[in-house]
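Student: Let me begin by handing over the structure; questions about it come next.
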Amino acid sequence: MTWLRLALANLGLSPLTSGVNVVLMGLGTASIVLLLLAGSQLSETLSRDARAIDLVLGAQGSPTQLVLSTVYHADVPPGNIAQREAERWADDPRVETAIPLSLGDSVRGLRIVGTTSAYATLYGAGLAAGRFWERPMEAVVGAAAAESTGLDVESRFAGAHGLADAGHTHASRPYRVVGVLEPTGTVLDRLILTSLESVWTLHDDDLPAQRDAHADDEADHGEHEHDADHHPEADREITAMLIRYRSPLAAMTLPRDVNAGGSLQAASPAVEVSRILQLVGIGFDGLEAFSWVLIVTAALSVFAALYGSLRARRFDLAMLRCLGATRWELLSVLILEGVLLSAFGVALGFLAGHGAMELLGGWLESARGVALTGWTWTPAETMLLLGLFAVGAVAAALPAVQAYRTDVAATLAKA
Amino acid sequence: MAFAIEVTELRFAHGERTIVDIGRCQLASGQSMAVIGPSGCGKTTFLHLLAGLIRPRSGEIRILERDLSQLRGGDLDRFRGRHLGLVFQRLHLLPALTVHENVLLAQRLARVPMDPTRVEALFDRLNLTGLERHRPSMLSQGQAQRVAIARALVHGPELLMADEPTSALDDRHAEQALALLRESARAAGAALLVVTHDQRVRGHLGHELEMTTPA
């Protein structure tokens, strides 16, 4: 026979009230947990994808668009740049590595990225099978891309023009898969890599006007006229150049020099990520405020339930004192009941929150290629856990003080 | 001679109105006594004073050779829990707990070691065997009173006090309840004090104290 047993028994005496309190607390907790999980994983994913990239050089326009399109592959690029001009910055002494990217084609919604093998190295990806490309029209498939499309070494596929699924297909020039990458948990897993030359070869067959426009406007490719006008080396275009600084000091000068230097734009993924997170954060804050309203409602409900039960329980409390319980023990048992109600609610909420995140993650992964999971724990959750226990204790505080102040003799005399 | 109760010049008042005024009252260990008086004469208040639930305006109360005025706060609660057993007219069994848990709770609050054999023997003697898992709401009045007596005795108190244990009962049950209290107290080696307005109690206990409404 313990205080815990007594507290549980008291809660069990009014199962409906207790149940409603637990569910209310659970709803509030679940929404906060969901937000914490989504927020932390989102920022983690965004930072992980941009970890090794200090600066992106690309066409002028929105820096956010440039970063979204070339680092996260989540937007269309603002346009193309001359490779020759980008290479000039690659040779700058402040730059350690510079990786060219050429975007424009896709297969089954997955982007085909013309680049060098250094791009895979950037994310620490090794080959799970096969080798890197050596000639044009050879491709290496990211781990998740291989899984979703079934592409494997020696498979052949035709790239579709544009980044959506509906584009014109380069059916006459299929790619051949020569390698599959190891999973990295980054955006790389959902990409198909090939050489820059592959992209150029395909698009040299296209109309020059189209090539200029295709990054901006992926859907509008109804008419295709092929012309044999091959561009000289000097006129080669790429979408962007990913830069890694030799020293952090470069961040002070290089972006400014690039932006002042003419046709190129330099965008910092770190700056853009924080801008995006700030925007997303406003929505998150609103949702979180709403979740706290739920928690406060639950706390009020716990308070009302305990306070309301005091009248019915005044003889119990008086009798406990007659049996030897101290005032502090009566106070403690009421606090314990409040904490138990919130603990059950919190347990329910954490289960529901993590479960919902896992469900949502599964859906997002298939629909958006964003890998979120419910089976993770963020440090903020530990704080939340302790905080919510405290909420239960605070909700029980006033009823507990009333129990502490029970006038035993007067209560028994009224019986 | 050891005394379970020693009261001298005890006065308790609500404002100007004197509720209890007792010059001297003693009960030796292991003895029994009935405090008999009309409703409103302050009997229940007297019992609450003896149990340390309220403090007297003046006078001395010694329970089991301890001066209650020397015990403060939690110490008084613990003393009450450890050494006294209380049975009220309204039994106040905790509705959330089973019969068995109600009795175990008293053992725990008395801070004596859990003793299942003692509980078992008590249930056997009070004819409660088989009711352990019942809720108080499922018991008859007689059964519930026996549970309340078991709860008051489970920790081996030296003084058992009952407030109006018979007034709601018919003659036959009143006599049974009284005999049960007397027998239980004797078996436990505890002194017994019964506070009542019920004249049927006369002659059943070793000593009697008449209480009248104070002037």
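Student: In vacuo Debye scattering of the protein assembly as shown, one point per C-alpha: log10 I(q)/I(0) at q = 0.06, 0.08, 0.10 Å⁻¹?
Tutor: Each listed q corresponds, in turn, to -0.56, -0.69, -0.88.
Student: Also, I was wondering about something else. Just checking the output field for B:145-152: average partner chain Cβ neighbours within 10 Å of each residue's Cβ?
Tutor: Values: counts 0, 0, 0, 1, 0, 0, 2, 2.
So the per-residue partner count for this stretch is 1.
Student: Note the direction-averaged projected area, equal to a quarter of the hull surface, for the Cα convex hull of region B:3-210, in nm².
Tutor: 11.2 nm²
Student: Which cross-chain or sequence-distant (5 or more) residues have an amide H under 5 Å from the amide H of A:Gly162, H modelled 1.01 Å from N in plane?
Tutor: Close amide H contacts, sequence-distant or interchain: A:Asp105, A:Ser106.
Student: When Lys and Arg each count +1 and Asp and Glu each count -1, what net charge do the other residues less than 12 Å away from B:Ser58, Cβ to Cβ, add up to?
Tutor: That works out to 0.
Student: Taking amide H atoms as placed 1.01 Å from N in the peptide plane, list the residues 5 or more away in sequence, or in a different chain, whose amide H sits under 5 Å from that of B:Met161.
Tutor: Residues meeting the criterion, in which the H sits 1.01 Å from N, are B:Gly85, B:Leu86, B:Val87, B:Leu193.
Student: For a quick check: with amide H placed at 1.01 Å from N, whose amide H comes under 5 Å from B:Ile19's, ignoring anything fewer than 5 positions away on the same chain?
Tutor: B:Phe12, B:Ala13, B:His14
Student: Shifting gears a bit: In the neighborhood of B:Leu105, defined by Cβ-to-Cβ distances under 11 Å, what is the net charge if each Lys or Arg adds +1 and each Asp or Glu adds -1?
Tutor: +1
Student: Say a site is exposed when it is one of the GluC sites (Glu not before Pro), sits in a DSSP loop, and has at most 15 other Cβ atoms within 10 Å; what is then the longest site-free stretch of chain A?
Tutor: That gives A:226-415 as the longest site-free run.
Student: Now, a different point. Can you sort A:Val113, A:Val339 by how many other beta carbons sit within 10 Å, fewest first?
Tutor: A:Val339, A:Val113
Student: Counting only other chains, and only Cβ atoms inside 10 Å, what mean value do you get across the residues of A:325-332?
Tutor: Numbers: counts 8, 8, 3, 3, 3, 1, 0, 0.
Mean shielding count: 3.
Student: Residue by residue through A:313-320, how many Cβ atoms from other chains fall within 10 Å of the Cβ on average? All intermediate terms of the calculation are to be shown ahead of the outcome.
Tutor: Details: counts 3, 0, 7, 6, 2, 3, 12, 7.
Mean number of neighbouring Cβ atoms from other chains: 5.
Student: Please report, for the Cα atoms of region A:303-403, the Rg to one decimal and the Dmax as a whole number; what are they, in angstrom?
Tutor: Radius of gyration, then largest Cα-Cα span, for region A:303-403: 19.7, 65 Å.
Student: For region A:138-155, just list the computed ³J(HN,Hα) in residue order, Karplus coefficients 6.51, -1.76 and 1.60, θ = phi - 60°, integers in Hz, with x standing in for Gly and Pro.
Tutor: After applying 6.51 cos²θ - 1.76 cosθ + 1.60, I find 9, 9, 10, 9, x, 4, 5, 5, 5, 5, 6, 9, x, 5, 9, 3, 6, 5 Hz.
Student: Please give the Cα centre distance for region B:114-182 versus region B:44-105, rounded to the nearest Å.
Tutor: 17 Å
Student: What order do you get for B:Glu16, B:Glu164 when you list them from fewest to most C-beta neighbours inside 10 Å? It would help to have the intermediate numbers written out before the result.
Tutor: Details: B:Glu16 5, B:Glu164 21.
Lowest to highest Cβ neighbour count: B:Glu16, B:Glu164.
Student: Could you line up A:Thr373, A:Thr45 from fewest to most neighbouring Cβ atoms inside 10 Å?
Tutor: A:Thr373, A:Thr45
Readers should treat all values here as calculations from the given coordinates under stated rules, not as data from a laboratory. Note that the coordinates shown come from a computational prediction; the quantities given were computed from them, not determined experimentally. Please note: Cβ atoms are built from the backbone with ideal geometry, for glycine as well, and neighbour counts cover all protein chains shown.
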